[in-house]
1. Considering only protein heavy atoms, what is the solvent-accessible area of LYS262 at a probe of 1.4 Å, reported in Å² to the nearest 10?
2. In what sequence, largest accessible area first, do ARG79, ARG206 appear using a 1.4 Å probe?
3. Residue separation times 0.36 nm, minus the C-alpha to C-alpha distance between ASP68 and ARG12: what's the value?
4. For TRP61, TRP297, give me the order by solvent-accessible area with a 1.4 Å probe, most accessible first, ignoring ligands, DNA and RNA.
5. Which chymotrypsin sites (Phe, Trp or Tyr not before Pro) in the range 192-257 pass both tests, a DSSP loop state and at most 16 other beta-carbon atoms within 10 Å?
6. Which of these values of Kirkwood radius over Cα pairs in Å was calculated from the structure shown: (i) 24.5; (ii) 21.3; (iii) 22.9?
7. So what is the accessible area of the chain per residue, in Å², with the probe set to 1.4 Å?
8. Charges on Cβ only, +1 for Lys and Arg, -1 for Asp and Glu, centred on the Cα centroid of the range 91-137; of TYR136, ALA94, GLY112, which one is farthest towards the dipole's positive end?
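The values are calculated or read from the model by the stated rules, or taken from the named source; none is laboratory data. Just so we're clear, the structure is a prediction, and the values are computed from it rather than from any experiment. Here Cβ is always computed from backbone atoms with ideal geometry, including for glycine, and neighbour counts include all displayed protein chains. Surface accessibility is based on the protein's heavy atoms, side chains included, excluding ligands, DNA and RNA. Shrake-Rupley method; radii C 1.70, N 1.55, O 1.52, S 1.80 Å.
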Amino acid sequence: MSQPLITAELLRRLEQLQLLARRRSKSTVRGERRSKARGQSVEFADHRNYVSGDDLRYLDWNLYGRLDKLFLKLYEEERELPVTIFLDCSESMAFGEPNKFHFARQLAAAIGYVALCGFDRVSVRTFPDNPAESAYRQSLLSVRGRKSSLQYFRNLAHLTAKGTADFNGALRRGALEARTTGVAVVLSDFLDPQGYEAGLTSLIGRGFQVNAVQILSPEEISPTNFGDLRLIDAETGAQTEVTFGRYRLEQYQQMVENFRQKLREYCAGRGISIFTASSADSLEQLLLKQLREAEVWG
């Protein structure tokens, strides 16, 4: 029997959390989140003048006693918060030990579980397409309710990392197809030759509150192979022969850090919460400390 993505102990701790949204929900589906719509929750919103046909139960009789005018009490309508997880399933995510894609699926499972426990709707958008997994991927496009969490975990566990991704195209398509914006979480290594700027910008432009996690493997951050090497791109198959000596390790690590710093600066300048992680990092540390301190949830 395969190992569960999330341990029972971690699930118990995640149940105490709730995703934090900076903006009120624009969804039209009733849920547990404050919205600008008027409805029948216990949260008072405003008054308006009474007009013929209004429900007399909502008249403010105290105000009538002071002003001798009829006003209606308005209450906030509580709506669900759409949570969209963009999960990079490209071949490069299959690299590393521990595997980057397994770490990304664990994050998707944890974030989705917190949302499901909060009665929010979860949508996992995977890229690139994989027809062999279409049934599992379709099932992940719209999940709601805590009782759906077990099937949600099973569908995530069936996903594999394969093929060449168009990072910017996938995020742009997801932004255009979203009926209602909410919280977006991008899980990827961000190693696309075409960059990541256009994709992230499309989510911001559409009105998403964006969080992103860049996942690299320990081998990518600090390689241990030296000598004459043939490097093969996992997605395109392109090959390059290099001589990589130990004296170049520091130079390589500085290049990786520069890439990560540039990503952090790009995200910070656009209000995107960005986290950089190694697939060997503690999942609990990232979920229960870093994301909590950054007020992704609380």
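1. 120
2. The ranking, largest first, comes out as ARG206, ARG79.
3. The ASP68-ARG12 span can extend by a further 14.8 nm.
4. If we order TRP61, TRP297 from most to least accessible, we get TRP61, TRP297.
5. PHE226
6. Comparing each candidate, only (ii) matches the computed number.
7. Here the per-residue accessible area is 55 Å².
8. GLY112
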